[in-house]
Structures are given as structure tokens and as C-alpha cells.
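All of the numbers you see were taken from the coordinates with simple rules; none came from a lab. Since the structure is predicted, the reported quantities are computational estimates derived from the model, not experimental observations. Using ideal geometry, Cβ is built from the backbone for each residue, glycine included, and neighbour counts are taken over all protein chains shown.
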Amino acid sequence: MNFFNPSFHTLKHLYLHQAYIGGNAFNELRYRHAGTGLGIFWNICQPILELTVYTVIFSWLFPRTIKGMPFILYLSSGLFVWRSFASCILRGSIVYREKAPLIGQTTFPPEIHIAEICISSVLVSFIYYALLIPLVLLFGAQLSPTLFILPVVLILFQAMAFTFNLMIAPLCVLIPDIREIIQTLMPLWFWTLPIIYPETILPPHWQKILYLNPPYVFIKSVQDIVLYQSSPTAHTWLAMMGWLSVLLLTGALVHAKLQNDVRESL
């Protein structure tokens, strides 16, 4: 198997089924909290509650401002994008189990179900940052045209979640314990990223290797755009696209190797 073929086939499948993916992504977002009193508004209530708890607790430990910004702004700029990313991975990891009857009865490529989850997470992240704009204005920060770059970074970040799920989703079918491992590792992964704390409190040698942590470059780009009206540098764009390329090639290859076993297991 040519190393690049699986990734080309994955992208082709996404393109051919884009209308199906988009429609199901909207439905997934709409009915995610079906049966609850607040329904879709839970997508807003949960991050606001989490932001409030973190702000109350950690404002006692950190200065009122971090890197020149109020703590709540610094926290929210990274927390919201991480929530979308983590939710995408956790939900995407079990999507093959949830869609087992559909995967078994249709000829659709199974990775389109992962894409539905990721598109839904993109929409949620857009909602989060629409809520953040009034908060930015309230605390005296400025808005600038660089905000138009923000949707691009958010989409790329969820695309990286898609590449991770290409590996994780089939493994969760074949090895159910993977799901529990992922749930355990996600909170630990959160604390390896400068979301609640600034990277400047880390030792210099740790700061140098932050770029080896894939989400870091995306979260840093969001923070720079929202807080400092600063566009990502060429080096940052290169790092983001580099991670996406490597993970897409790896994820598509793993997915292609395991998809027949997955269909048989389902």
C-alpha cells in the first residue's frame, strides 16, 4: 500500500460525502442534548460554568493579569478551544460503536461519521468564541481584523482532532479499554498545555519543547489572535500544517489497515 494513498482516499471520501456530513453535523449539534430542558443551550451553559469554577479557584493562585490580560480572558481564550477539541476526541472515539448498525448496513466510508462529529465541534467552537467577544470588550481589550483569521485556526484544530480519531475510533472497537485510557489521558493532556497558566512559568527547557505537544501551536494561535490582535507567524502556520500533515498520513494509514477488522467486529 502506497503510504500516501490512504490519506488521499480519506480526503476524497470527505469531499464526495460533504453534503451528508454537513447535514448530519447540524443534526448532531441540534439533538445532542435532546430530552433535556435546556436542549441546545447546554452547549453554552457547560463552558460558562467550567470557566466560572476555574476563574474562582485559580484567581487566588495566579495574578489578576497574565501576560498583560485579565485572568478570565486568558483562561477563556484557551479553555474554549480545548473543550471543543477534547469533546471531539471523546465523542469521536465511540462513534463507530454508536453507528454500528449504519456502518454494517451501508457502503458509506465509516470515517464520514468521524467527520460529522468534528464539524459539529467546529460549530460549537464558533458559538464559544461568539460569546467571548462581549467578554473581551467588557474587560477593555480590543477587537481587530485579525479576528477573521480565528475561524481558520479553529477549523484546523478540529481537523487535527479528526486525524487523531482516525486512529482512535477503530482501536476503540477492537480494544474497548482504549476508550477508558483516552478518558483518563485527556485531563492529564489538558494540564500539559498553557491554558490555565502562562508558559513563562515553565523552565526554559520545557518552553522549548512545547511545540512537540500538537495542540499547543493551535491554542497559542487562538490566544494571540483573541488577546493580542496578533496573526500567527509563518513559523506557526508551518507548525500547524506540519502536525496536520503528519497526523493525517498516520491516521489514514492506521484507519485503512484496521477498517476491515472493524467492520467484522461490528
>> Let's test the formula: R0 of 22 Å, r as the Cβ-Cβ distance of Thr107 and Asn2. What FRET efficiency results, to the nearest 0.05?
In response: 0.45
>> Suppose a student asked you for the relative contact order of the stretch 166-240, using Cα pairs under 8 Å spaced at least 6 residues apart; what percent would you report?
In response: 18
> What is the helix-to-structure angle for 71-92, meaning the angle in degrees between its Cα long axis and the longest Cα principal axis of the chain, kept from 0 to 90 and rounded to the nearest 10?
Replying inline: 10
>> Run the numbers for Leu147 and Tyr211: contour at 0.36 nm per residue of separation, minus the present Cα-Cα distance, in nm.
In response: 20.7 nm
>> Treating only the Cβ of Lys, Arg, Asp and Glu as charged (+1, +1, -1, -1), what charge dipole size does the chain show about its Cα centre? Round to the nearest 20 debye.
In response: 200
> Per residue of the chain, what 222 nm ellipticity follows from adding -39500 (n - 2.57) for every DSSP H run with n ≥ 4, rounded to the nearest 500?
Replying inline: -24500 deg cm²/dmol
> Which residues in the stretch 128-148 have a backbone N closer than 19 Å to a point placed 7 Å from the Cα of Tyr228 along the Cα-to-Cβ line?
Replying inline: 136-137, 140-148
> Mind listing the phi-derived Karplus ³J(HN,Hα) values for the stretch 98-103, rounded to whole Hz, using 6.51, -1.76 and 1.60 with θ = phi - 60°, and x for any glycine or proline?
Replying inline: 5, 9, 3, x, 5, 5
> Over the chain, what relative contact order in percent results from Cα pairs under 8 Å that are six or more residues apart?
Replying inline: 28
>> Give me the one-decimal nm value for the distance between modelled label points at Met186 and Ile155, 7 Å along each residue's Cα-to-Cβ direction.
In response: 2.5
> Tell me, what ³J(HN,Hα) does each residue in the stretch 145-155 have, in order and in whole Hz, if you take phi through Karplus 6.51 cos²θ - 1.76 cosθ + 1.60 with θ = phi - 60° and put x for Gly and Pro?
Replying inline: x, 5, 4, 5, 7, 4, x, 5, 5, 4, 5
>> Report the gain in length on full extension from Gln18 to Leu249: 0.36 nm times residue separation, minus Cα-Cα distance, nm rounded to one decimal.
In response: 81.1 nm
> For the Cα atoms of the chain, what angle does the longest principal axis make with the long axis of helix 177-191, in degrees from 0 to 90, nearest 10?
Replying inline: 20
> So what is log10(I(q)/I(0)) for the stretch 15-265 at q = 0.07, 0.17 1/Å, when the Debye sum runs over its Cα atoms only?
Replying inline: -0.25, -1.40
> Relative to the longest principal axis of the chain, what angle (0 to 90°, nearest 10) does the C-alpha long axis of helix 111-138 take?
Replying inline: 10
